[in-house]
Amino acid sequence: MDEERTSYQVNHLAQLESEAIYILRETAAQFERPALLFSGGKDSIVMAHLARKAFHPARLPFPLLHVDTGHNFQETLDYRDQYVSDLRAELVVAYVQDSIDKGRVQEEKGPFASRNKLQTVTLLDAIADNQYDACLGGGRRDEEKARAKERFFSHRDDFGQWDPKNQRPELWNLFNGRKHHGEHFRVFPLSNWTEMDVWQYIKSENIPLPSLYFSHQRDVVHRSGAMLAISEVVTPQPGERIETSAVVRFRTIGDMTCTGAVYSEAADMDTIIYEVATARQTERGTRADDKRSETAMEDRKKEGYF
Amino acid sequence: MHTDIPIDEGYLHMDLLRFTTAGSVDDGKSTLIGRLLYDSKNTFEDQMEAVEATSKKRGDEHVNLALLTDGLRAEREQGITIDVAYRYFATPKRKFIIADTPGHIQYTRNMVTGASTANLAIILVDARLGVIEQTCRHAFIADLLRIRHVILAVNKMDLVDYSEKRFNEIVDEFKRFASRLDNIVDMVAIPISALHGDNVVDKSKNMDWYEGPTMLYHLETVYIGSDHNHVDARFPVQWVIRPHSDEYHDFRGYAGRVAGGVFRPGDEVVVQPSGFTTKIKAIESYEGPQESTFAPLSCTITLEDEIDISRGDMITKPNNPPKKDQEIEAMICWFSESTQLSPNAKYYLRHTTKEVKAVVKDVRYKVNINTLHKIEDDKTFRLNEIGRITLRTSAPLIYDSYRRNRATGSFILIDSLTNETVAAGMIL
């Protein structure tokens, strides 16, 4: 009996993996045209890895969709192209620049302009143009308080909006993806993962990551409590503190205008896991987009953000 | 997961416990969760800064740990919780998922939702008030959803002078009620003060008479290994994998998540509902063939013979076969605010990976969840009501009783007009 006990024990990563794979397969089965949102960040990399496992030895039954703000780190784009070719997956890129050129959105002006908010329109347009009925995202409930109530299958109305008061209850393993014409779903297979789980999983699965996640030297500017990489789109303003060759890494990767670096000498997975375990600030503490107001995430989600 | 991971890495031995918390308004549930997160060092500086600032702004006497669990703006404005929220924390032994559900009467639905995936329920009572109607309701729902482990957390012990006598009175009262509930196999009562931290993570200095575990110690050590069914082999087919590539020309794999039992290559299997028999050729995965698979793992199974199998079918074994019927008896909880369930109504029924149509043939009774009495003269279900019905389905269901297997004994009903999930069902 004791032998039986131990042999059927499954650790937390295996349970999370099994759950995520179940959700990925359920999405493929319940929707006609799903797509996997791929940003080149670690969560979407883990998602693509899980999708590969879920449908092995077949290819992914859906494309990867990247919403490109035009302000990406080059490392992210290089990584993306390599990873997509390893997966033999189809990649669809939607450009925020196209939305700007078409007059669908207006670019923020001034030195602190960010395209982060504009992504929402580009994403919703891409969903409509390609008739995607479900978008798989790497969002996790531990990231931010508005996400703590997010469902695995998150229903969006025909304007792409999220209504926190009108969500479908989710019980057991049963997910209701039925919808009316024009509505779509966001699906979050990593809902129950924490930042720590993601790192442990990346390590145990040996998943390669963009170099930005590891310690390196970089010129940065300190702006509104965040440390931004200096680039064509982030230029230091008078009075701002500049630091050359700071030893930093990124805990999250997104648009260059709002992804803050942290001081870190963590150059390998073990040190990163140690750093995450002892971190004193939440992961999104480095994101300037969440600092705009206390309910910034909730407001963006209602509009149809990731 | 790779099997060649070095075993000296502690986190690879962590397992996962899902629990739900139930308490009435003001029982201190949010404070308890905040205390668990804070004392187990699962909070961050920026979170604590925000909580301290808000506490100060509201004029709270203590740093209000309940604010750590605060969710959406509407809740912050109204000071109530409106829906199930999920929280996460971990210790070196376990990762925990908390389904934080509100305790108001109108939110039975949320507690049922949170309880559906939980291994354990924490039922909170206020030491001053003792076991009240809502306590019984929470215990009833925990039992109905087949939660086997319950912690009765007697909170606010500081307000009853940490009295052992008062604690024992409450425990006896709860046991009298809980003895009528037979799914709860393991109940532990713990006297706590969430506000001051007594017996939550750290042992209380105010209750020497209590010799049991602290709440966190119990959460870390309670044995949940037998919560999954490893006896009755059940594999609902979720997706058929056909690569159509040169390398895997004839590959036909059945992908799914094991809902019960253990499967190994060479095992004789019966495919339901067709009843065809064959053998398992291999258990496939990205890492290569596996020696076995069991609940709750996801995998891909290939079979020796080519049989027509699609999503919604179930691979089982000749021993302990599942039931197969178009008429089922079930307990349901009604979830819809805008519609009511009544005899002859039709719905979509989603069970494992299968969806069928179902018609309500009979409403047997509803349950008054405060007294557990049956109500037989009112056949209409409104929001949050629980009772027993008979359903007839358009195709046979392959199922077990919910008591025997949560994954193959549960279903949801979906309104065919609004597409809303209107009920949760547990097959008898």
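No lab work stands behind these numbers, since they all come straight from the coordinates. On a predicted model such as this, the values are computed, not experimentally measured, just so you know. In this analysis, Cβ positions are derived from the backbone assuming ideal geometry, glycine residues included, and neighbour counts consider all displayed protein chains.
What FRET efficiency comes out for the pair B:ARG364/B:THR418, r = Cβ-Cβ distance, R0 = 25 Å, nearest 0.05?
Working from the Cβ atoms, E equals 0.45.
In whole Å, what three semi-axes, largest first, describe the equivalent ellipsoid of the stretch B:291-348 built from its Cα gyration tensor (square root of 5 times each eigenvalue)?
Semi-axes from the Cα gyration tensor: 34, 15, 13 Å.
On average, how many beta carbons from a partner chain sit within 10 Å of the beta carbon of a residue in A:27-33?
2
Return the calculated 222 nm mean residue ellipticity for chain A, to the nearest 500 deg cm²/dmol, obtained by summing -39500 (n - 2.57) across DSSP H runs with n ≥ 4 and dividing by the residue count.
It lands at -10000 deg cm²/dmol.
Pairs of Cα atoms under 8 Å, at least six residues apart: use those to get the relative contact order of chain B, whole percent.
Once divided by the residue count of chain B, the mean separation gives 12 percent.
Looking at the stretch B:195-282 from every direction and averaging, what is the projected area of its Cα convex hull in nm²?
That works out to 11.0 nm², a quarter of the Cα hull's surface.
How many lysine pairs does the stretch B:131-288 hold where the Cα atoms are under 26 Å apart and the two sit 8 or more places apart or on different chains?
Lysine pairs meeting the criterion: 8.
Pairs of Cα atoms under 8 Å, at least six residues apart: use those to get the relative contact order of chain A, whole percent.
Answer for chain A is 19 percent.
Using the Cα centre as the reference, give the magnitude of the dipole from point charges on the C-beta atoms of the protein assembly as shown (Lys, Arg: +1; Asp, Glu: -1; all else neutral), rounded to the nearest 20 debye.
So the dipole magnitude of the protein assembly as shown works out to roughly 1780 debye.
Where the centre of each part is set by its Cα atoms, how far does the stretch A:73-144 sit from the stretch B:181-217, in angstrom?
Between the Cα centre of the stretch A:73-144 and that of the stretch B:181-217, the gap is 49 Å.
At a Cα cut-off below 24 Å, give the lysines reachable from A:LYS203, other chains included and same-chain residues fewer than 8 away excluded.
In chain and number order, the partners are A:LYS42, A:LYS53, B:LYS41, B:LYS93, B:LYS95.
Spin-label point model (7 Å from Cα, Cβ direction): what's the B:ASP60 to A:ILE230 distance in nm?
A separation of 4.3 nm, rounded to one decimal place.
Along the positive direction of the dipole of the protein assembly as shown (beta-carbon charges: Lys, Arg +1; Asp, Glu -1; about the Cα centre), which of B:SER338, B:GLY261, A:MET256 reaches farthest?
Of the options given, the answer is B:SER338.
Under 19 Å between alpha carbons, and skipping anything fewer than 8 positions from B:LYS374 in its own chain: which aspartates and glutamates qualify?
B:GLU133, B:ASP143, B:ASP182, B:GLU329, B:ASP362, B:GLU385
Taking N as the number of residues in the stretch B:94-225, what is its alpha-carbon radius of gyration divided by 2.2 N^0.38 Å?
Against the empirical 2.2 N^0.38 Å value, I get 1.01 for the stretch B:94-225.
With both partners inside the protein assembly as shown, how many of the DSSP beta bridges are antiparallel, as a percent to the nearest 5?
Bridges in the protein assembly as shown that DSSP calls antiparallel: roughly 70 percent.
Considering all projection directions equally, how large on average is the shadow of the alpha-carbon convex hull of chain A, in square nanometres?
That works out to 17.4 nm².
Please identify every one of the chymotrypsin sites (Phe, Trp or Tyr not before Pro) in the stretch B:342-428 that sits in a loop by DSSP and has no more than 14 other beta carbons within 10 Å of its own beta carbon.
Passing sites in the stretch B:342-428 do not exist.
Can you pull the three principal axis extents for the Cα set of chain B, in Å, largest first?
Dimensions of chain B along the principal axes of its Cα atoms: 70, 62, 39 Å.
Take every DSSP beta bridge whose two residues both sit in chain B, then give the antiparallel share in percent to the nearest 5.
The antiparallel proportion sits near 75 percent.
Report the trypsin sites (Lys or Arg not before Pro) located in the stretch B:9-62 that are in a DSSP loop and have at most 16 other Cβ atoms inside 10 Å of their Cβ, or state none.
Listed in order of number, the matching sites are B:LYS41.
Can you give the calculated 222 nm mean residue ellipticity of chain B, where each DSSP H run of n ≥ 4 adds -39,500 (n - 2.57) and the sum is split over every residue, rounded to the nearest 500 deg cm²/dmol?
-5000 deg cm²/dmol
Highest mean first, how do A:98-106, B:167-175 rank when packing is the count of other Cβ atoms within 10 Å averaged over residues?
Descending packing order for the listed peptides: B:167-175, A:98-106.
Based solely on C-alpha atoms, express the radius of gyration and the Dmax of the protein assembly as shown in angstrom.
My reading of the Cα-based Rg and Dmax gives 25.9, 78 Å.
Go ahead and run the numbers for FRET between B:LYS41 and A:GLU32, Cβ-Cβ distance against an R0 of 45 Å, rounding to 0.05.
My answer for the efficiency is 0.45.
When a footprinting reagent is the concern and you count Cβ atoms within 10 Å, what order do B:THR421, A:THR235 take, fewest first?
With the sparsest Cβ surroundings first, the list reads A:THR235, B:THR421.
Fewest first, what order do B:HIS218, B:HIS138, B:HIS351 take by the number of other Cβ atoms within 10 Å?
B:HIS218, B:HIS351, B:HIS138
Within 10 Å of each Cβ of A:14-23, how many other protein chain Cβ atoms are there on average?
Average per residue, whole number: 6.
For the stretch B:148-270, what is the percent of antiparallel DSSP beta bridges, rounded to the nearest 5?
40 percent
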